[in-house]
Amino acid sequence: MVNYYKYLPVSKEDESWGLTVLNAGCTHIEATNDYPFKDHPAHHNFNWNSWRILQEYQVIYITNGQGVFESDSYQQTIVKAGTIIVLFPNERHRYKPDSHTGWDEYWVGVKGDIIDNLVTSGYLRPDNPCLYIGFNDSIFNIYNSIIEKTREERSGYQPLVSGAVLHLIGACYAAVKQSTAENKEAENIINRARLLFRSNISNAYSPEQAAQELNVGYSWFRKLFKSYTGLSPGQYYLQLKIEKAKDLLSNSNMPVKEISIALNFESNFYFSRIFKEKTGLRPTEYRKRNYDPATE
């Protein structure tokens with residue numbers, strides 16, 4: 001996970017859409033680290049003792065670790081991994097990761113009539129800002145998509161990312177309903193494992209490490225994972241790398257050797273062999289068929 005945040009300019013045209021994205025980012029906080037980072041912009045900075053009031057909504061996803069949250073409308077509570085925290089305009093709040101665990105957070109800040117209406121209708125409530133959704137792969141992907149679009153800032157990106165935020169809020173609402181109805185510990189383990197694999201797609205990582213982080217035996221974990229996904233953990237992780245490689249081959253001019261290094265394959269030869277086994281094409285052949293020069 002690479003720490004990233006961006007605060008975005010908003011035009012009158014963007015505002016007329018009804019929902020605008022003001023900022024987005026992701027942060028990995030190690031145990032005992034300062035929070036937030038000292039280089040956090042002053043207009044959004046805060047500490048535990050001073051609290052904070054924003055003039056926007058923020059939707060924060062804690063994907064690893066745990067901490068605490070408190071606001072004027074919500075008493076101090078422990079926030080565990082798999083929780084969405086919603087911050088409301090003009091609502092005094094504070095939160096921080098546990099000094100023993102740290103946490104990983106993804107967030108997006110927004111404003112507009114559309115989200116105001118969701119609050120008026122009761123879908124989002126200041127007295128219920130912490131929503132446990134578990135480790136949801138699709139919601140994690142929405143955050144990553146929003147972050148990537150804000151990195152690029154291509155023409156017309158604001159309606160695109162604001163639509164993704166509306167999708168995000170809808171997906172969170174559905175996930176809360178489903179987790180309340182099902183609440184299966186095994187499913188939470190599988191979804192958390194998926195997030196671990198995605199978060200470590202560029203690292204030296206293994207299914208055995210995932211099982212260790214999840215505090216479960218590997219044999220049991222492997223059997224459970226395959227029963228849910230149809231793939232062993234190793235094959236699932238490998239498939240994620242191949243999908244990422246396909247994206248880089250299609251949407252960047254990064255050399256094939258650098259892609260194999262970036263995705264932590266043991267060698268360029270091994271990467272090419274596995275890629276052909278999975279796609280039927282060598283990486284160079286796949287790029288010739290799918291590369292889009294407009295992405296340069």
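Computed from the coordinates by the stated procedures, all read-outs in this text should not be read as laboratory data. Given the structure is predicted, the values throughout are model-derived calculations rather than measurements. Ideal geometry is used to build each Cβ from the backbone, glycine not excepted, and the neighbour counts take in all protein chains shown.
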Check your understanding: Amide H neighbours of TYR132 under 5 Å, counting only residues 5+ apart in sequence or on other chains, H built in-plane at 1.01 Å?
Key -> ILE84
Exercise for review: Could you check how many percent of all C-alpha pairs in the stretch 122-239 are farther apart than 19 Å?
Suggested key: 56
Study note, to complete from the structure: Computed ³J(HN,Hα) along the stretch 273-282: with the Karplus parameters 6.51/-1.76/1.60, θ = phi - 60°, integer Hz and x for glycine or proline, the list is 5, 5, 4, 5, 4, 7, 10, x, 10, 6
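If you take the beta carbon distance between GLU277 and SER73 as r and set R0 to 51 Å, what does 1/(1 + (r/R0)^6) give as a FRET efficiency, to the nearest 0.05? Please list the in-between numbers first.
Values: r = 54 Å, r/R0 = 1.07.
So, using R0 = 51 Å, E works out to roughly 0.40.
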Review point. Taking H as built 1.01 Å from N, whose amide H comes closer than 5 Å to the amide H of ASP98, not counting residues under 5 places away?
Key: GLN66, GLY67, VAL68
Point to revise | Placed amide H near ASN23: partners under 5 Å, 5+ positions off or other chain | key: LEU8, GLY109
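Please compute the length gained on full extension between LYS177 and GLN209, using 0.36 nm multiplied by the number of residues separating them and subtracting their Cα-Cα distance.
Details: separation 32, 0.36 × 32 = 11.52 nm, distance 3.12 nm.
Here the segment from LYS177 to GLN209 would lengthen by 8.4 nm.
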Study note, to complete from the structure: Quick note, the stretch 160-296: a/c under 1.5 would make it rounded; otherwise a/b > b/c is prolate and the rest oblate (a ≥ b ≥ c, C-alpha gyration tensor); here it is oblate
Review point. Going by a ≥ b ≥ c, the root eigenvalues of the Cα gyration tensor, does the stretch 62-196 fall in the rounded group (a/c under 1.5), the prolate group (a/b larger than b/c) or the oblate group?
Key: rounded
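The stretch 47-102: D in µm²/s via Stokes-Einstein (Kirkwood Rh, Cα pairs, 25 °C, 0.890 mPa s)? Intermediate values should be presented prior to the final figure.
On the way: Rh = 11.5 Å.
Answer from the Stokes-Einstein relation: 212 µm²/s.
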**Study point:** Karplus 3J(HN,Hα) series, Hz, for the stretch 108-124 with 6.51 cos²θ - 1.76 cosθ + 1.60 (x for Gly, Pro)
**Key:** 9, x, 9, 8, x, 4, 4, 6, 4, 5, 5, 6, 4, 7, x, 6, 10
Practice item. Note down the nm distance, to one decimal, between modelled labels 7 Å out along Cα→Cβ at SER16 and at LEU240. Key: 4.2
Exercise for review: Can you give me the three principal axis dimensions of the stretch 10-109 from its C-alpha atoms, in Å, biggest first?
Suggested key: 45, 26, 26
Exercise for review: Mind giving me the nanometre distance, one decimal, between the label points for SER232 and GLU148, set 7 Å out from Cα along Cα→Cβ?
Suggested key: 2.8
Review point. Which value at 222 nm does the chain reach when only helices count, each DSSP H run of 4 or more adding -39,500 (n - 2.57), with the total divided by all residues and rounded to the nearest 500 deg cm²/dmol?
Key: -14000 deg cm²/dmol
Review point. How much net charge surrounds GLY230 when only the other residues with a Cβ under 14 Å from the Cβ of GLY230 are counted, with Lys and Arg +1 and Asp and Glu -1?
Key: +4
Review point. With charges set only on the Cβ (+1 for Lys and Arg, -1 for Asp and Glu), what does the dipole of the stretch 111-190 come to about its Cα centre, in debye to the nearest 20?
Key: 120
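So for LEU249, LEU224, LEU124, fewest C-beta neighbours within 10 Å to most, what's the order?
On the way: LEU249 24, LEU224 18, LEU124 21.
So the residues, fewest neighbours to most, are LEU224, LEU124, LEU249.
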Point to revise | Karplus 3J(HN,Hα) series, Hz, for the stretch 159-174 with 6.51 cos²θ - 1.76 cosθ + 1.60 (x for Gly, Pro) | key: x, 5, 6, 5, x, 5, 5, 4, 4, 4, 5, x, 5, 5, 4, 5
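I'd like to compare 270-281, 150-161: which one has the highest average count of other Cβ atoms within 10 Å, and what's the full order after that?
On the way: 270-281: 15.6, 150-161: 13.8.
Final packing ranking: 270-281, 150-161.
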